[in-house]
Amino acid sequence: MKKYDFKESNCVTSDPVESYFECISSCDISDGICISQCVEILRDDET
């Protein structure tokens with residue numbers, strides 16, 4: 001399975017929570033690194 005790089009995606013929405021859920025939906029449930037990156041995207045957007 002190809003890893004999905006959400007930061008490179010062109011479908012980033014203006015709502016950070018929606019972006020977060022789009023990001024985690026692209027991750028494998030057992031891929032903690034991918035999910036952590038999604039949390040970082042959400043955290044970075046709040047600052």
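Here, each number is a calculation from the coordinates, and none is a lab measurement. Since this is a predicted model, take the numbers as computed values, not measurements. In this analysis, Cβ positions are derived from the backbone assuming ideal geometry, glycine residues included, and neighbour counts consider all displayed protein chains.
Consider only pairs whose beta carbons are under 9 Å apart and that are at least six residues apart or on different chains; among these, list those whose first residue lies in the range 21-47 and is without any contact (Cβ under 8 Å) to a residue 12 or more places away in the chain and among the aliphatic types (A, V, I, L, M) and whose second residue is outside any loop (DSSP other than H, G, I, E, B) and surrounded by 11 or more Cβ atoms within 10 Å (Cβ to Cβ).
I29/I35; I35/C23; I35/I24
For the range 25-39, which positions are part of a helix (DSSP H, G or I) and either surrounded by 12 or more Cβ atoms within 10 Å (Cβ to Cβ) or touching a strand residue (DSSP E or B) at 6+ places or on another chain (Cβ under 9 Å) (or both)?
If the condition is that a residue be part of a helix (DSSP H, G or I) and either surrounded by 12 or more Cβ atoms within 10 Å (Cβ to Cβ) or touching a strand residue (DSSP E or B) at 6+ places or on another chain (Cβ under 9 Å) (or both), then C34, I35, Q37, C38, V39 are the ones that fit.
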